[in-house]
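To keep things clear, I will list the structure first and then write my remarks on it.
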Amino acid sequence: MQTIHEMKAWKINGFWMPLLLVILTVAGIFILREGILTNEPAFLIIFIPLILVIFMISAGFMIVHPNEAKVLVFFGKYAGTVNTAGFWWINPFTVRKAVSLRIHNFNSEKIKVNDFLGNPIEIAAVIVWRVVDSAKATFDVENYQQFVNVQCETAIRSMATQYPYDTHEEGRASLRGSQQEVSENLRAQVHTRLEIAGVEVTEARISHLAYAPEIAQVMLRRQQAEAIIAARQRIVDGAVGMVESALTMLGEKGIFTLDQEKKAAMANNLLVALVSDHETSPIVNVGTLFS
């Protein structure tokens with residue numbers, strides 16, 4: 001397939017041509033008057049081509065609005081693009097196709113797809129895009145707006161399968177917890193797919209994310225359980241470190257000497273106090289009344 005790139009079209013300021021039209025119109029009226037008064041066919045022979053020229057010049061006027069481009073086609077061949085706002089005069093035999101250069105938002109519908117772990121989820125995204133090459137948007141795809149819609153949904157599905165919905169593993173990205181990375185990945189995928197149509201993607205972000213209704217309650221309980229387990233694991237890791245630090249400091253400073261049995265008992269008491277869900281009630285040993 002031949003790729004067509006945008007190029008500037010020939011044009012002149014449209015405000016100069018009305019003056020020429022006025023001159024030709026006055027000349028046409030004068031020729032017609034003289035032809036009628038003198039009854040000379042030669043005047044009519046001049047008048048008819050002059051009228052055709054006036055109509056041709058009138059057909060060459062074109063207005064380009066801000067953030068708009070006009071793609072010109074001359075007898076089936078791309079003749080260039082006019083993307084400068086204003087009043088212009090161009091080749092009157094060209095066909096003009098308007099292309100919007102404004103920024104567009106694509107709001108996808110809620111799509112049901114499986115995440116990286118195979119869990120069914122609902123996801124939707126907002127894609128911000130604009131046309132940067134009017135020639136590609138006009139000639140390389142059938143309908144660039146429909147092409148954007150289809151490719152955006154395809155990219156969203158592809159991106160969603162690369163991440164789990166949620167994770168408690170350190171350093172692992174997820175759809176819910178790594179929004180910046182996920183958005184950048186989605187933007188890159190959509191931009192790659194739309195580049196062929198001369199479309200630039202400026203932003204992409206997830207607008208809706210949830211488990212599918214049929215598993216929402218189950219996954220919520222699972223998510224809560226995983227969060228509790230992850231929190232417990234962190235608490236245990238911290239508690240073991242604190243017990244180890246306490247025993248090491250007691251031994252280094254020589255406050256008192258503990259044998260292995262007493263160290264085990266002390267470690268057990270400290271772990272119970274640190275890991276317990278509820279506040280612990282310490283029992284203080286103050287000795288006995290009888291020696």
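Read the figures in this text as sums done on the coordinates, not as results from a lab. The structure presented is a predicted model; accordingly, all values stated were derived computationally and were not measured. Using ideal geometry, Cβ is built from the backbone for each residue, glycine included, and neighbour counts are taken over all protein chains shown.
Listed highest first by mean packing, meaning other Cβ atoms within 10 Å per residue, what order do 34-47, 126-139 come in? Before the final figure, lay out the partial values.
Numbers: 34-47: 12.9, 126-139: 20.8.
With the highest mean Cβ count within 10 Å placed first, the list reads 126-139, 34-47.
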### Query
How big, in percent, is the set of alpha carbon pairs in the stretch 12-100 lying more than 16 Å apart?
61 percent
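Could you work out how much longer the chain between Thr3 and Ile57 gets when fully extended? Use 0.36 nm per residue separation minus the Cα distance between them, nm to one decimal. Could you put the intermediate results ahead of the total?
Values: separation 54, 0.36 × 54 = 19.44 nm, distance 3.23 nm.
Roughly 16.2 nm would be gained on extension.
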#### Entry: Sites Gln179 and Ser245 - FRET efficiency at Förster radius 41 Å, r taken between beta-carbons, to 0.05
0.65
### Cut-off 12 Å (backbone N to label point 7 Å along Cα→Cβ of Trp16), residues of the stretch 60-101
89-90
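How long are the three semi-axes of the equivalent ellipsoid for the stretch 108-211, computed from the Cα gyration tensor as the root of 5 times each eigenvalue, in whole Å, largest first?
28, 13, 10
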### Summary
Extension length gain for Glu169 and Ile111 (0.36 nm per residue less Cα distance), in nm, is 18.2 nm
### Query
Around Val99, with a cut-off of 9 angstrom between Cβ atoms, what is the net charge of the other residues, counting Lys and Arg +1 and Asp and Glu -1?
+1
### Task
Subtract the Cα-Cα distance of Glu40 and Asn143 from 0.36 nm times their separation in residues, and report this length gain in nm to one decimal.
31.5 nm
### Summary
Here the relative contact order (percent) of the stretch 90-190, from C-alpha pairs under 8 Å and at least 6 apart, is 25 percent
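Once you list every other residue whose beta carbon is under 12 Å from the beta carbon of Ile46, what net charge do they have if Lys and Arg are +1 and Asp and Glu are -1?
Working: positive: none; negative: Glu34, Glu40.
Residues near Ile46 contribute -2 overall.
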